[in-house]
1. Within the range 47-56, does at least one residue satisfy the condition of being modelled with pLDDT under 95, in a loop (DSSP other than H, G, I, E, B), open to solvent by 40 Å² or more (accessible area, probe 1.4 Å) and in contact with a His (Cβ under 8 Å, 6 or more places away or on another chain)?
2. Can you tell me which of A91, A166, A139, A144 is small (G, A, S), free of Cβ contacts under 8 Å to residues at least 60 places away in the same chain and not in a helix (DSSP H, G or I)?
3. Every residue in the range 269-286 that is of a type outside the set (K, R), in a loop (DSSP other than H, G, I, E, B) and open to solvent by less than 50 Å² (accessible area, probe 1.4 Å), please.
4. Going by the conditions given, is I321 of a type in the set (A, V, I, L, M) and at pLDDT 90 or above?
5. In this structure, is V361 modelled with pLDDT of 90 or more, over 30 Å from L235 (Cα atoms) and of a type outside the set (D, E)?
6. How do the pairs read when you match residues in the range 197-210 that are open to solvent by 20 Å² or more (accessible area, probe 1.4 Å) with residues anywhere that are among the hydroxyl-bearing types (S, T, Y) and part of a loop (DSSP other than H, G, I, E, B), using Cβ under 8 Å and keeping only pairs 6 or more apart or on different chains?
7. Answer yes if at least one residue in the range 293-302 is in a helix (DSSP H, G or I), among the basic types (K, R) and exposed (fewer than 13 other Cβ atoms within 10 Å of the Cβ), and no otherwise.
8. Is it true that some residue in the range 95-113 is free of Cβ contacts under 8 Å to residues at least 40 places away in the same chain and over 18 Å from the mean Cα position of the chain (by Cα)?
Amino acid sequence: MPSQYVDAQAPVAAKAVQMPMPVPVTPVAAPIIEPIPRFADDREKAPFNKRCILVIEDEVRFAHILYDLAHELGYACLVAHGADEGFDLAASFLPDAILLDMRLPDHSGLTVLQRLKELPGTRHIPVHVISVEDRQEAALQMGAIGYAVKPTTREELKDVFARLEAKLTQKVKRVLLVEDDALQRDSIARLIGDDDIEITAVGFAQDALELLRDNAYDCMIIDLKLPDMLGNDLLKRMSTDEICAFPPVIVYTGRHLTRDEETELLKYSRTIIIKGARSPERLLDEVTLFLHKVESQLSNERQKMLKTARSRDRVFEGRKILVVDDDVRNIFALTSALEHKGAIVEVGRNGLEAIEKLNTVEDIDLVLMDVMMPEMDGYEATAQIRKDPRWRKLPIIAVTAKAMKDDQERCLQAGSNDYLAKPIDLDRLFSLIRVWLPKMERI
């Protein structure tokens, strides 16, 4: 899942987007950014009388291949070569589906996916990733319907389009609910039920396994305390048994979980929600994401529930974030912004202090690592951290001063999960932190 370190082999370049910080940050040289080319797509032909595919891909030749294939298969096609342009096109044109690259010149593709899934108007749009980078676990957890790793053949690309078309033409969404409490089953069914949702509810893990062998589901909700098998063991069996397809899994439980249990569960599930006063809203929020429900078509009551679920940024609450930077103004600005979100901030002034903090402070959830620092820079510190088995899966976001490809490549090769270029845009920072923090919510 996104909390795990991904050893990315391919470089990813970023472009700094200048927005004001709460206080001034250290001035840096203007980033050198490669110009993003333009592409003559179908945007002038809108409104479209057929389905529209948005391609977000910086490699012009490959974008043209997807553009031509989209036309061959009967779609209108929009093309963006950068993350910001892609998000803006999605918000403006509301395409039927999106093909997304991870390696974009201005921002990480995961940030685009996160922003799309945060916006009610674009949240339902099916997104399929095609990228040289293998960030499949993170993308699928965030709601992508599929992931193809480049290089791809023409037949594989046609399969991607077929998968999108199947999702677009699907009339009924299928949910498997595994809950042994009859009252809870009925309550959840009423909460998520709709005319286009078929819910199959069972009380035993063995019944769920038998159904999964012959049926594919769009989403699965499971409790951990089942009469015949723990939910953890059911998920492990699903990963080894011959089942039709492994669906997106939402763990919905009343059990208190240790950090180790959370980590183990997140290998198989997309989200963990602890039952409580506000948990029905969060469950509805997650189900609508994985079923690609159009939010504006939901009842007013459900739209209000979703608004309530998103009113507080629970991803940050109580999370420990280590900020590593040698500039006091940057530290103050980032600490203020993160603490306002509910995070607990620890500070290191260089790479040596960062390692010392990790050794003395328990349960740090994420590291925000500046690259240019005295005594031990961010590259060396990240490489040292990755050598320790305790921190192999610790999310590290590198903060770079320049949007240069070799700069980003060095960060990823050292062991960073992702990168952010200065001057820091707080909205992009928050989106990236949401991507990499473990998706565990105590409600």
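The values are calculated or read from the model by the stated rules, or taken from the named source; none is laboratory data. Quick caveat: nothing in here was measured; it's all calculated off a predicted structure. A quick note on method: Cβ atoms are made from the backbone with ideal geometry, for glycine too, and the neighbour counts reach across all protein chains shown. To get the accessible areas, we keep the full protein, side chains included, count just its heavy atoms, and leave off ligands, DNA and RNA. Shrake-Rupley method; radii C 1.70, N 1.55, O 1.52, S 1.80 Å.
1. no
2. Exactly one residue qualifies, and that residue is A144.
3. Just the residues of the range 269-286 that are of a type outside the set (K, R), to begin with: 269, 271-274, 276-277, 279-281, 283-286.
From what is left, the residues that are in a loop (DSSP other than H, G, I, E, B) are 269, 276-277.
Once the filter is applied, which keeps residues that are of a type outside the set (K, R), in a loop (DSSP other than H, G, I, E, B) and open to solvent by less than 50 Å² (accessible area, probe 1.4 Å), the range 269-286 yields S269, G276.
4. Working: of a type in the set (A, V, I, L, M): yes; at pLDDT 90 or above: yes.
So I321 fits the description; yes.
5. So V361 passes the test.
6. Partner pairs satisfying both residue conditions: T200/Y217.
7. Taking every residue of the range 293-302 in turn, none turns out to be in a helix (DSSP H, G or I), among the basic types (K, R) and exposed (fewer than 13 other Cβ atoms within 10 Å of the Cβ).
8. Within the range 95-113 (the criterion being free of Cβ contacts under 8 Å to residues at least 40 places away in the same chain and over 18 Å from the mean Cα position of the chain (by Cα)), the answer is no, since none of the residues qualifies.
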